[in-house]
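See structure below.
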Amino acid sequence: MRYGKKQRIIVLVTVLLTVSVHPHLSSGETGSPAGGWRATDASVAAGPRGQMNNVFQSIVDYFRLGINALFGREGNALLGGTSRVKYTNYQLLRATARTDAQLQEIKELKQEMSTDVSFWTPAKKNASTDIMVAPEAVEEVKAFLKKRDIPYEVVILDVQQMISLQNPKMSKEQREVLRGQMGHSMTFKRYHRYEDMLNYIDYLAATYPQLVQYVNIGKSTNGLPLKVVKISGNSSSTAAEKKSDKPAIWVDGGTHAREWISPAAVLYILKQLVENYKVNKRIVEGVDWYLMPLVNPDGYEYSHTTDRLWRKTRSKGEEEEGEEEEVYGRKEGKWRRRGGRVFWEKCEGVDLNRNWDFHWGERGSSDDPCDETYAGPKAFSEPETRSIAEFLMVNRDKLKVFISLHSYAQMWLLPWGYTRAILDDHDDLMEMGRVAVDAIQKVSGNNYDLGGATSLLYHSSGGADDWAKGIADIKYTYTVELRDTGSYGFMLPASQIIPTGKEIFAGVKAIAKSLLTKLKQPNIEPNKNN
């Protein structure tokens with residue numbers, strides 16, 4: 001991409017303006033291309049030389065910010081790549097609203113300080129709310145809560161430190177050794193990249209062709225393959241054709257990029273069904289399994305390379321008809337002002353769990369592209385949701401169970417998310433859900449709350465579970481929030497992958513066994529929705 005004289009002048013003017021509107025060049029604050037403001041490492045040397053380093057680094061960062069504002073991704077390429085977002089000295093506070101007035105105050109805090117706070121859990125009365133706070137706003141937020149007698153505690157003192165400790169590193173040499181020994185590098189002792197996941201799926205398909213097949217159902221916005229793994233006993237024999245009426249179970253993970261434990265848990269289920277086939281023979285031969293470990297590969301990869309807490313996809317949105325894109329004033333972001341500072345906030349991506357075409361755009365979703373619950377410009381605007389929906393509709397007659405894994409909260413949730421209305425077959429779903437949470441409790445001792453999504457969590461229209469129940473007519477439809485209850489939040493240590501996998505597999509396995517038992521009963525009801 002070449003830049004003419006006019007563009008170079010615009011870059012220079014933007015840099016000068018960017019520096020001029022930031023009166024705190026030596027404060028140690030830097031602009032982040034991914035949005036918001038990130039503090040530099042507190043370990044920067046003190047004294048005149050350290051302060052000069054801060055000033056110089058700030059100028060460099062502001063220059064990068066100006067380039068990003070003008071040229072977006074092309075600007076990042078011009079500058080040599082995208083900087084990794086740092087959360088040094090960001091704190092996670094847990095506040096509890098005991099009255100309606102306090103609840104309203106917390107909600108107003110979210111609106112008034114949207115650039116400095118990020119709500120990891122929804123604000124609810126008599127329930128804890130996890131709020132990540134930028135370092136420059138920590139004291140202000142704490143004072144805000146104290147003044148209103150809202151109790152709070154500091155759960156994580158430094159979010160970046162927690163991020164750094166979450167995932168053990170693996171060298172290229174170690175990966176090659178594993179591939180030589182096992183045929184793949186999947187360990188379940190760290191959170192793997194998408195390439196490792198795909199290699200593991202290829203390995204299973206090649207090693208267990210009688211059990212494993214995979215289907216490419218489409219591509220992500222950035223062109224990554226969207227893969228569904230089918231597991232079925234005797235899948236390559238004529239017996240499979242004779243058993244075409246076998247019930248099917250769908251399990252997916254990785255809808256939200258930062259929830260690393262969910263794709264890891266789906267892969268653990270895959271491992272148990274295939275590599276421990278003899279132990280799980282009944283549910284493998286009696287059920288067709290459709291597993292999609294990673295719904296949002298673009299966002300997941302971005303959470304590894306650039307912003308650990310990224311949630312959405314990486315799509316840039318759609319241009320309005322007849323609109324010509326310019327090199328400045330791009331639609332993927334907007335200028336914001338706070339505390340005398342003006343900065344550019346990138347606004348890419350869509351929340352896939354608000355993008356489904358069932359009560360799309362209603363309560364619990366946002367029409368602001370910069371919001372984490374942005375529903376997209378229209379229902380099914382994203383290739384990921386469209387591809388999955390098409391696949392589910394083709395197999396809807398077989399599908400009896402739909403489970404989407406998320407984190408965190410330890411909850412087993414029923415539809416609906418868009419309304420507090422109760423399902424016609426609410427009792428049936430509660431009964432089957434109880435089978436799962438009881439199995440989890442028996443295996444690990446962990447309690448998973450069971451109930452409706454709106455009563456236990458929040459309203460969320462345009463969700464996958466609501467669509468699976470309301471449109472695809474899949475009877476037993478659930479969203480599962482995995483570990484933990486907030487000690488680590490989204491940064492659940494890799495050491496908990498196997499324990500989490502064990503308990504969720506126990507729950508899913510219990511559902512499969514219960515389903516097979518129910519299908520033997522002559523009067524079992526078909527799928528029935530509102």
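The values are calculated or read from the model by the stated rules, or taken from the named source; none is laboratory data. Just so it is clear, the model here is predicted, and its values are computed rather than measured. Because the Cβ atoms are built from the backbone with ideal geometry, glycine has one as well, and the counts that use them run over all protein chains shown. Each accessible area value is taken on the protein alone, full model and side chains, heavy atoms only, with ligands, DNA and RNA left out. Shrake-Rupley method; radii C 1.70, N 1.55, O 1.52, S 1.80 Å.
Largest accessible area first, the listed residues LYS278, LYS125, LYS400 line up as LYS278, LYS125, LYS400 when surface is computed with a 1.4 Å probe on the assembled protein chains. When both bridge partners sit in segment 382-480, DSSP labels roughly 20% of those beta bridges antiparallel. Sorted on the mean count of surrounding Cβ atoms within 10 Å across their residues, most packed first, peptides 283-293, 147-157, 436-446 read 283-293, 436-446, 147-157.
Phi angles of segment 273-287 translate, via the Karplus equation with coefficients 6.51, -1.76, 1.60 and θ = phi - 60°, into HN-Hα couplings of 5, 9, 6, 10, 4, 4, 6, 10, 4, 4, 7, 7, 7, x, 9 Hz per residue; Gly and Pro are given as x. Contact order for segment 374-469, expressed relative to its length and based on alpha carbon pairs under 8 Å spaced 6+ residues apart, stands at 35 percent. Rounded to the nearest 20, the size of the Cβ-charge dipole of segment 75-180 about its Cα centre is 380 debye, with Lys and Arg at +1 and Asp and Glu at -1. Only protein heavy atoms count here; on that basis, with a 1.4 Å probe, GLU173 has an accessible area of about 130 Å². When the listed pairs LYS86/LYS189; LYS475/LYS520; LYS189/LYS502; LYS271/LYS469; LYS246/LYS469 are checked against a 18 Å cut-off, the alpha-carbon distance exceeds it for LYS86/LYS189; LYS271/LYS469; LYS246/LYS469.
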